[in-house]
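Undergrad: Dumping the structure here so I can ask a few things about it.
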Amino acid sequence: MVVHTALLIDVDYSVREGKTKVRLLMKGKKKMFRLYDDYEPYFYLDAPKSEKETIEKTSTNFRGSVAKVVRVEEHEIQFGAHKKKLLKIYAEHPFHVPALRDALKDYEAYEHRIPFGKRYMIDKGLAPFTLVTYERERQQIRKILKVRESGPVKLRMLAFDIETYNPHGAPRPELDPAIMVSYADEKSGVFTWKETGKKFAHKVNDEKEMLSAFCELVKNNDAEMILGYNSASFDLPYLKKRADVLGVKLPLGRDGSDFRKMQRGIRDVVKVTGRLHIDLYPVVRFLGAIGALKVSKFTLENAYEEITGKKKHMVKRLEIWQMWDSDEERKELAEYSLHDAEVTLEIGKIVLPLEIEMSRLTKTPLFDVCNSSTGQLVESLLMYRSFEHGMLIPNRPDEGEVKRREANPIQGAFVKLPSPGIYDNMVVFDFRGLYPSIIMAHNIDPYTLDCDCCKPDGHKSPTGARFCKKKKGLVPTVLGDLIGKRAELKDKLKGLSRDSEEYNVLFARQQALKILNNSFYGYLAYARSRWYSREAGESVTAWGRQYIQDTIAKAQETGFEVLYGDTDSIFLLMGEKKKEDAISFMKKINSELPETMELELEGFYPRGVFVTKKGNEKGAKKKYALIGEDGRIKIRGFELVRRDWSDAAKKTQRAVLSAILKDGSKEKAVSVVKEMVGRLKDGKVPLEELVIYTTIRKDPAKYELLSPEIAAARKAIKRGMKLGSGSMIGYVITKTGASISDKAEVVDFAKDYDANYYIEHQILPSVMKILKELGVSEDDLKFKGTQKGLGGFF
DNA sequence: GCGAGCAGCGTACCT
DNA sequence: ACAGGTACGCTGCTCGCG
């Protein structure tokens, strides 16, 4: 028997010759390969021992064949705060588990809805990107000897993108051919079947040859990771459909198969056999949503430009077919196509290190990490750690329970109402990792709740809930490990050169840790969570409110005026106080806090703006702009950070804020607005600056109420555009129509703009709230010519 | 019949 | 398909006035 070591990449299972095999995708020194292992599916049943023999004889019909109980064992397991005796029911195939559970539904079942690949990994202590040492015979594992951490992961990446012929707007895969397939690894190029005159383009005879040339490339380059952008929903299914229509194969997989398309929740995912197919679109969306990347619009162009700060070559989507038909423009199309693949590769190189670290950390295969929500990531880690502690993994709630939980949300954070105005000299403090540190400080966990051992003592939450002081809960244990790891990493990073490979890996790791640490509270309060606890979640926020409000009170006692605060932050006016006073206040607070908690200095700000709410003299929460000592402007909540406002309005608002904060000049602020109003009136503003973007979350036909974006989308659909649930609509308010919705047109179809709308509904509302603080009225802005009494303000 | 005022829908943001 | 708190635009309804 020979001993081997290889890197674990992915795990799933298959049924071969009636036997269930766990399939492991491994990476050896040179190649990726598959290994097989045997593992017996099982689940638990809360049934008395006396039922063991009856249960052993249970069998049921499963899709025309028989699913039977293989054997039953008695098993004692930690169940919440107590131990419990359960029956462990073994089955022949993973898909027999739900069938048998249903046949035995007189008893409560546990751990019956854990994907078999995950079950195997948990039970064997395997994790992706670890080195596995094993004995094997052919491709079959005999014995796993050792699992250990691995260094940097290097997989051969190949990014690709396709162009399609689209004379009718959206391309129709059964009729419209694919015209180009571009790729990028160390080299990049384009396969196409018409002359482009470009050196990087490989011209073949027809579409069929283009498909096979691309598959050959994947095979010859031995691509281990195939990267695309929206490739699971568009490129790969499109190529497959074309291959079907043309009667050829699409051998992308290592075994010559094409791919398997599956549904993950509402999402399409595509697995290519023996390679890792990663669609970067959901990855960018995910990282954008949690704020790890600052991306406002998730097209490839926009994501690339916002992530890298570089410009991307663009063509108009609707004109691709014309470019293909024109001998002159086809060159440009080929360049665009090439660039798409290169840009996809570049995005991949930026986001994958973080995803790989997330994969290691949550012990979830990279493919799944790239298609997961934070909830699934936290759940994965907790399941793994729960098993390690010999604890039963709680069930997911049924739909009824989910509805009940959702109907009864818990109270969240405290937000202090600011007084509108322009202020000088502020200091901002925030609690470092407020919710995670509260969970740690008070041992908050579903199973430390109301423990018997501390009664009536314990950590008492402001809600009245009580948490154990003696035994650490699962959530605080796991979270504590992660927080500890992150602190260690941050220390280590200080000593490393910023462009070393080690720095990059460790930086990505601490980023992954941060994301995960901040997700535990959300998971406790998540309606579909296995570890949901209303009391625990409620206690986290209640303590949070208490800490921030206590800090506000203490700041006031110390003589600071507290202007604003949100969840974990406080904004203080320095008044006559010095920086040292602020620092000593912070130190005093910290000396009184539990050990895991800390108030940090966020920064000193020479000037800041807070505005009123619309139609109301009260201050607006979550909307402010500050200028730091380094001159950098920090803006939150204003229209200019929102994608559903036109660039023209955002640009003007930014200029106004900058004039006030940087230059302290009211005149400058006013003149910027007047200039924009003038240019709008004169019809000089280009349409691009007037586009309003918004996402539609439903099928456009399913809205009961008409809104501008829906009206625009419906009109565009009639003209052949493909817009559905999740589409980003970019529309312009044109001159034609009665209501705003009537006037709204998707930008591709807009011919003019309604200057009055943009002045009255975009520019003025976005700047008036700010200028009002300077005593400027709306009329001051609408008329050309010099105004009396608009001198400098400061 | 008409405009003001408001509720409700919907989206995006903040922490 | 991690949480809740918040602002705000647009539509379409209600209501008071004439």
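The values are calculated or read from the model by the stated rules, or taken from the named source; none is laboratory data. Remember, it's a predicted structure, so these values are computed and weren't measured experimentally. All Cβ positions, even for glycine, are placed from backbone atoms using ideal geometry, and neighbour counts span all protein chains on display. Note: areas computed on protein heavy atoms with side chains; ligands, DNA, RNA excluded. Shrake-Rupley method; radii C 1.70, N 1.55, O 1.52, S 1.80 Å.
Undergrad: Of the residues A:Gly544, A:Gly537, A:Gly565, only one is within 22 Å of A:Val611 (Cβ to Cβ), within 16 Å of DNA strand C (Cβ to nearest atom) and open to solvent by less than 40 Å² (accessible area, probe 1.4 Å); which? Spell out the reasoning first.
TA: Values: A:Gly544 fails: within 22 Å of A:Val611 (Cβ to Cβ); A:Gly537 fails: within 22 Å of A:Val611 (Cβ to Cβ).
On inspection, the qualifying residue turns out to be A:Gly565.
Undergrad: Kindly establish whether A:Leu601 is surrounded by 13 or more Cβ atoms within 10 Å (Cβ to Cβ), among the aliphatic types (A, V, I, L, M) and in contact with a helix residue (DSSP H, G or I) (Cβ under 7 Å, 6 or more places away or on another chain). Don't jump to the end; show me each part of the working.
TA: Numbers: surrounded by 13 or more Cβ atoms within 10 Å (Cβ to Cβ): yes; among the aliphatic types (A, V, I, L, M): yes; in contact with a helix residue (DSSP H, G or I) (Cβ under 7 Å, 6 or more places away or on another chain): yes.
Here the answer is yes, as A:Leu601 does meet what is asked.
Undergrad: Is at least one residue of region A:118-129 surrounded by 14 or more Cβ atoms within 10 Å (Cβ to Cβ) and assigned to a strand (DSSP E or B)?
TA: Checking region A:118-129: not a single residue is surrounded by 14 or more Cβ atoms within 10 Å (Cβ to Cβ) and assigned to a strand (DSSP E or B).
Undergrad: Here's something else I'd like to know. Tell me, yes or no, whether region A:660-680 has at least one residue that is assigned to a helix (DSSP H, G or I), more than 13 Å from DNA strand B (Cβ to nearest atom), farther than 25 Å from A:Leu573 by Cα and in contact with a strand residue (DSSP E or B) (Cβ under 8 Å, 6 or more places away or on another chain).
TA: Of the residues in region A:660-680, the ones assigned to a helix (DSSP H, G or I) are A:660-663, A:666-680.
Going one step further and asking which of them are more than 13 Å from DNA strand B (Cβ to nearest atom), we end up with A:660-663, A:666-680.
Those still in the list that are farther than 25 Å from A:Leu573 by Cα too: A:667-668, A:670-680.
With the extra rule that they be in contact with a strand residue (DSSP E or B) (Cβ under 8 Å, 6 or more places away or on another chain), the set shrinks to none.
Scanning region A:660-680, I find no residue that is assigned to a helix (DSSP H, G or I), more than 13 Å from DNA strand B (Cβ to nearest atom), farther than 25 Å from A:Leu573 by Cα and in contact with a strand residue (DSSP E or B) (Cβ under 8 Å, 6 or more places away or on another chain), so the answer is no.
Undergrad: Hey, could you check region A:643-665 for residues that are open to solvent by less than 40 Å² (accessible area, probe 1.4 Å) and closer than 15 Å to A:Tyr605 by Cα and say which is nearest to DNA strand C (Cβ to nearest atom)?
TA: A:Leu657
Undergrad: Here's something else I'd like to know. Which of the residues spanning region A:571-590 are of a type outside the set (S, T, N, Q), farther than 16 Å from A:Gly608 by Cβ and not in a loop (DSSP other than H, G, I, E, B)?
TA: A:Lys579, A:Glu580, A:Asp581, A:Ile583, A:Phe585, A:Met586, A:Lys587, A:Lys588, A:Ile589
Undergrad: Working carefully through the options A:Gly603, A:Gly628, find the one that is within 16 Å of DNA strand B (Cβ to nearest atom) and either in contact with a Ser or Thr (Cβ under 8 Å, 6 or more places away or on another chain) or at negative phi (or both). Spell out the reasoning first.
TA: On the way: A:Gly603 fails: either in contact with a Ser or Thr (Cβ under 8 Å, 6 or more places away or on another chain) or at negative phi (or both).
Within the list A:Gly603, A:Gly628, the selection yields A:Gly628.
Undergrad: Only one of (1) assigned to a strand (DSSP E or B); (2) over 32 Å from the mean Cα position of the chain (by Cα); (3) under 26 Å from A:Ala232 (Cα atoms); (4) not hydrophobic (A, V, I, L, M, F, W, C) is not met by A:Ser182, so which one is it?
TA: (2)
Undergrad: Check A:Thr477 against each of (1) open to solvent by less than 10 Å² (accessible area, probe 1.4 Å); (2) assigned to a helix (DSSP H, G or I) and name the one condition it does not meet.
TA: Among (1) open to solvent by less than 10 Å² (accessible area, probe 1.4 Å); (2) assigned to a helix (DSSP H, G or I), the lone unmet condition for A:Thr477 is (1).
Undergrad: While we're here: Please tell me if A:Leu690 is within 14 Å of DNA strand C (Cβ to nearest atom) and modelled with pLDDT of 95 or more. I'd like the intermediate steps shown before the answer.
TA: Details: within 14 Å of DNA strand C (Cβ to nearest atom): yes; modelled with pLDDT of 95 or more: yes.
Yes.
Undergrad: Separate question: Residues A:Asn425, A:Asn518: which one is in contact with a Ser or Thr (Cβ under 9 Å, 6 or more places away or on another chain) and open to solvent by 20 Å² or more (accessible area, probe 1.4 Å)?
TA: Details: A:Asn425 fails: in contact with a Ser or Thr (Cβ under 9 Å, 6 or more places away or on another chain).
Of A:Asn425, A:Asn518, the one residue that is in contact with a Ser or Thr (Cβ under 9 Å, 6 or more places away or on another chain) and open to solvent by 20 Å² or more (accessible area, probe 1.4 Å) is A:Asn518.
Undergrad: Which ones in region A:684-714 are open to solvent by 10 Å² or more (accessible area, probe 1.4 Å), near DNA strand B (Cβ under 10 Å from one of its atoms), under 19 Å from A:Asp754 (Cα atoms) and in contact with a Ser or Thr (Cβ under 7 Å, 6 or more places away or on another chain)?
TA: A:Ser707, A:Glu709
Undergrad: I'm checking my understanding of the structure. Among residues of region A:218-237 that are surrounded by fewer than 19 Cβ atoms within 10 Å (Cβ to Cβ) and in a helix (DSSP H, G or I), which one is modelled with the lowest pLDDT?
TA: The selected residue is A:Ser233.
Undergrad: Can you tell me how many residues in region A:604-630 are outside any strand (DSSP E or B), at pLDDT below 95 and touching a Pro at 6+ places or on another chain (Cβ under 9 Å)? Steps first, please.
TA: Of all residues in region A:604-630, those outside any strand (DSSP E or B) come to A:613-618, A:628-630.
Now restrict to residues that are at pLDDT below 95: A:613-618.
Those left that are additionally touching a Pro at 6+ places or on another chain (Cβ under 9 Å): A:613-614, A:617-618.
So the count comes out to 4.
Undergrad: In addition: Mind counting the residues in region A:447-474 that are under 20 Å from A:Tyr523 (Cβ atoms), open to solvent by less than 20 Å² (accessible area, probe 1.4 Å) and of a type outside the set (A, V, I, L, M, F, W, C)?
TA: Residues flagged as under 20 Å from A:Tyr523 (Cβ atoms), open to solvent by less than 20 Å² (accessible area, probe 1.4 Å) and of a type outside the set (A, V, I, L, M, F, W, C) within region A:447-474 amount to 3.
Undergrad: Moving to a separate point now. State which residue is nearest to A:Ser212 (Cα to Cα) when the search covers only region A:152-161 and only residues that are open to solvent by 10 Å² or more (accessible area, probe 1.4 Å) and touching a residue at least 12 places away in the same chain (Cβ under 8 Å). Explain how you work it out, then say what you get.
TA: Residues of region A:152-161 open to solvent by 10 Å² or more (accessible area, probe 1.4 Å): A:152-157, A:161.
Imposing the further condition that a residue be touching a residue at least 12 places away in the same chain (Cβ under 8 Å) reduces the set to A:152-153, A:155-157, A:161.
Numbers: A:Pro152: 33, A:Val153: 30, A:Leu155: 23, A:Arg156: 20, A:Met157: 19, A:Asp161: 15 Å.
Looking at residues that are open to solvent by 10 Å² or more (accessible area, probe 1.4 Å) and touching a residue at least 12 places away in the same chain (Cβ under 8 Å), I get A:Asp161.
Undergrad: Only residues in region A:704-727 that are farther than 15 Å from A:Val747 by Cβ and in contact (Cβ under 8 Å) with a residue 24 or more places away in the chain count as the first member; pair them with residues that are of a type in the set (A, V, I, L, M) and away from DNA strand C (no atom under 14 Å from the Cβ), Cβ under 6 angstrom, at least 6 apart or cross-chain, and list the lot.
TA: Taking only residues 6 or more apart or on different chains, the pairs are A:Lys722/A:Ala170.
Undergrad: Something else about it: Show me the strands (runs of 3 or more DSSP E) found entirely inside region A:36-86 where at least 2 residues are at pLDDT 95 or above, open to solvent by less than 50 Å² (accessible area, probe 1.4 Å) and touching an Asp or Glu at 6+ places or on another chain (Cβ under 9 Å).
TA: Fully inside region A:36-86 and qualifying: A:42-45, A:65-79.
Undergrad: If I ask for residues that are hydroxyl-bearing (Ser, Thr, Tyr) and in contact with a helix residue (DSSP H, G or I) (Cβ under 8 Å, 6 or more places away or on another chain), which ones from region A:542-568 would you list? Walk me through how you get there before you give the answer.
TA: Kept after step one, since they are hydroxyl-bearing (Ser, Thr, Tyr), are these residues of region A:542-568: A:547, A:551, A:558, A:564, A:567.
Result: A:Tyr547, A:Thr551, A:Thr558, A:Thr567.
Undergrad: Scan A:Lys297, A:Lys311, A:Lys316 and give me the residue that is away from DNA strand C (no atom under 16 Å from the Cβ), open to solvent by 20 Å² or more (accessible area, probe 1.4 Å), over 24 Å from A:His202 (Cβ atoms) and in contact with a strand residue (DSSP E or B) (Cβ under 9 Å, 6 or more places away or on another chain).
TA: On the way: A:Lys311 fails: in contact with a strand residue (DSSP E or B) (Cβ under 9 Å, 6 or more places away or on another chain); A:Lys316 fails: in contact with a strand residue (DSSP E or B) (Cβ under 9 Å, 6 or more places away or on another chain).
Residue meeting the stated conditions: A:Lys297.
Undergrad: Continuing with the same structure: Run down A:Arg486, A:Arg405 and say which single residue is of a type in the set (D, E, K, R) and touching a residue at least 40 places away in the same chain (Cβ under 8 Å). Explain how you work it out, then say what you get.
TA: Working: A:Arg486 fails: touching a residue at least 40 places away in the same chain (Cβ under 8 Å).
Within the list A:Arg486, A:Arg405, the selection yields A:Arg405.
Undergrad: Which count do you get for residues in region A:382-416 that are within 16 Å of DNA strand B (Cβ to nearest atom), in a loop (DSSP other than H, G, I, E, B) and open to solvent by 80 Å² or more (accessible area, probe 1.4 Å)? Quick ask: steps written out before the conclusion?
TA: From region A:382-416, those within 16 Å of DNA strand B (Cβ to nearest atom) are A:406-407, A:409-416; that's our starting set.
Checking the rest, the ones that are also in a loop (DSSP other than H, G, I, E, B) come to A:409-414.
Now restrict to residues that are open to solvent by 80 Å² or more (accessible area, probe 1.4 Å): A:409, A:411.
Residues meeting the conditions: 2.
Undergrad: Still on this structure, I have one more. Please find, within region A:428-446, the residue that is surrounded by the most Cβ atoms within 10 Å (Cβ to Cβ) out of those that are within 15 Å of DNA strand B (Cβ to nearest atom) and in a loop (DSSP other than H, G, I, E, B).
TA: Looking at residues that are within 15 Å of DNA strand B (Cβ to nearest atom) and in a loop (DSSP other than H, G, I, E, B), I get A:Gly433.
Every residue, every condition in (1) on the phi > 0 side of the Ramachandran plot; (2) open to solvent by 20 Å² or more (accessible area, probe 1.4 Å); (3) part of a helix (DSSP H, G or I), yes or no:
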residue: A:Val190; (1), (2), (3): no, no, no
residue: A:Glu195; (1), (2), (3): no, yes, no
residue: A:Asn205; (1), (2), (3): no, yes, no
residue: A:Glu209; (1), (2), (3): no, yes, yes
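Undergrad: Here is a further query. Residues of region A:261-292 being open to solvent by less than 30 Å² (accessible area, probe 1.4 Å) and among the hydrophobic types (A, V, I, L, M, F, W, C), which ones? Full working, then the answer.
TA: Filtering region A:261-292 down to residues open to solvent by less than 30 Å² (accessible area, probe 1.4 Å) leaves A:269-280, A:282-284, A:287-288.
Passing the criteria: A:Val269, A:Val270, A:Val272, A:Leu276, A:Ile278, A:Leu280, A:Val283, A:Val284, A:Leu287.
Undergrad: Now, a different point. Hey, can you tell me all the residues within region A:514-534 that are within 6 Å of DNA strand C (Cβ to nearest atom) and part of a helix (DSSP H, G or I)?
TA: Taking region A:514-534 as the starting set, the residues that turn out to be within 6 Å of DNA strand C (Cβ to nearest atom) are A:519, A:522-523, A:525-528.
Correct list: A:Gly522, A:Tyr523.
Undergrad: Could you please tell me which pairs satisfy a Cβ distance under 6 Å, a separation of 6+ or placement on different chains, a first residue in region A:130-146 that is under 8 Å from A:Leu35 (Cβ atoms), and a second residue that is of a type in the set (Lys, Arg) and part of a strand (DSSP E or B)?
TA: Listed by first residue and then by second, the contacts come to A:Arg136/A:Arg142.
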